[in-house]
Structures are given as structure tokens and as C-alpha cells.
Amino acid sequence: MIKVNVEVRSGLWRKKIKNPKKYFSKKLKRIPKIIKFFKDKNISFTILLTNSFNMKQLNKKFRNIDKATDVLSFPFFSSKNLKLIKEKNFYIGDIAVSYEIINIRSKKSFFNLEFDKMWVHGFLHLLGYNHIKNKDYLKMQNIEKIIINSIS
């Protein structure tokens, strides 16, 4: 089972997603059927729904990049250590998502779709996926598409 702690730090989010906790609980139920890692495990993470101003501050503080970004992930474990965990209950990290960037992107599609793409991307970073090398990018992109299709 996957549990999420939702922190809403920008009221703009409630205009698009009335009940974020309920929104995630529906979607997270489907992921263990896709990713074997979750079989017989209870994991949790936190997602911060915030604005571009706060994202800029987080990006500056943790990555030394002085600009807003769409999503940031803060894994609790390295990908190597995550695979070694034998416990059934553990916390995998934090994700922060910017409302304004998602909202701008949604002008060409749908807000919930763009939001799902971002938090799933951040979630996969918590699980050790990355996109530094092209082969890793393709692998991560593939699993993102599979998850998005299953939760949409």
C-alpha cells in the first residue's frame, strides 16, 4: 500500500483539486499493480502542493538554481539503499509541485493530466529513477507512461 501526506501551501490548488487526499488515494491504489517493488510493502511519502515562489526558494536552497521549477523530489534513500530495505513499512521522501507551472502547461491539455505527469515523475525519483543518461531517461519515461495510463 502507498500512503501520501498532502500539504497544501497555495490556495490555488483547491480551485482545481477540491480534495487532494482523496485524489491521491484513488490513484495510488493502482500503482502497486504496475510496479513490483510495492508488493507486500507499506510505503509513504509527502507531497507539497505549492506555488512558483516557494518552488524557486526550494530550488535555490537545495539545488543552488535560482528559478522556479515544476517538480522537486527529495528521496529519503539512495536508489541502491532503497533496494536493500527489508522492512515492510517505510518513508521514501518528499515531492514539491508548482501550481503555476502545471496550470500554464494545462492550457494545451488538462490540468489533472499535467499534474499527474509531474507528481508521478517526482514519485519515480523517490524510487531511484533518474534521467541523467539517455537510457535511464527512456526507462523512466516508459514507466511514467505506463503509470499515467493506468491512473487516468
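Side notes on the structure shown:
- Placing unit charges on the Cβ atoms only, positive for Lys and Arg and negative for Asp and Glu, gives the chain a dipole magnitude near 380 debye about its Cα centre.
- Pair Arg30, Glu100: separation of 7 Å Cα→Cβ label points (nm): 3.1
- Inter-probe distance in nm under a simple model that places probes 7 Å from Cα toward Cβ, at Lys88 and Ser150: 2.1
- For Asn5, the residues 5 or more places off, or on other chains, whose built amide H falls under 5 Å of its own are Phe45, Thr46, Ile47.
- Estimated [θ] at 222 nm from DSSP helical runs (n ≥ 4, -39500 (n - 2.57)) normalised by residues in the chain, nearest 500: -14000 deg cm²/dmol
- The chain, relative contact order in percent, only Cα pairs under 8 angstrom and at least six apart counted: 24
- Extents of the range 4-93, taken as max minus min of Cα coordinates on every principal axis and listed largest first, are 38, 33, 18 Å.
- Averaged per residue, the range 1-41 has 70 square angstrom of accessible surface, using a 1.4 angstrom probe with ligands and nucleic acids left out.
- The fraction of accessible area contributed by carbon and sulfur in the chain is 53 percent, rounded to a whole number (1.4 Å probe; ligands and nucleic acids excluded).
- For the range 53-152: accessible area per residue (Å², 1.4 Å): 61
The values are calculated or read from the model by the stated rules, or taken from the named source; none is laboratory data. Only a predicted model underlies this, so the values are computations on that prediction, with no experimental measurement involved. Every residue, glycine as well, gets a Cβ built from its backbone with ideal geometry; the counts of neighbours run over all protein chains shown. Only protein heavy atoms, including side chains, enter the accessible area calculation; ligands, DNA and RNA are left aside. Shrake-Rupley method; radii C 1.70, N 1.55, O 1.52, S 1.80 Å.
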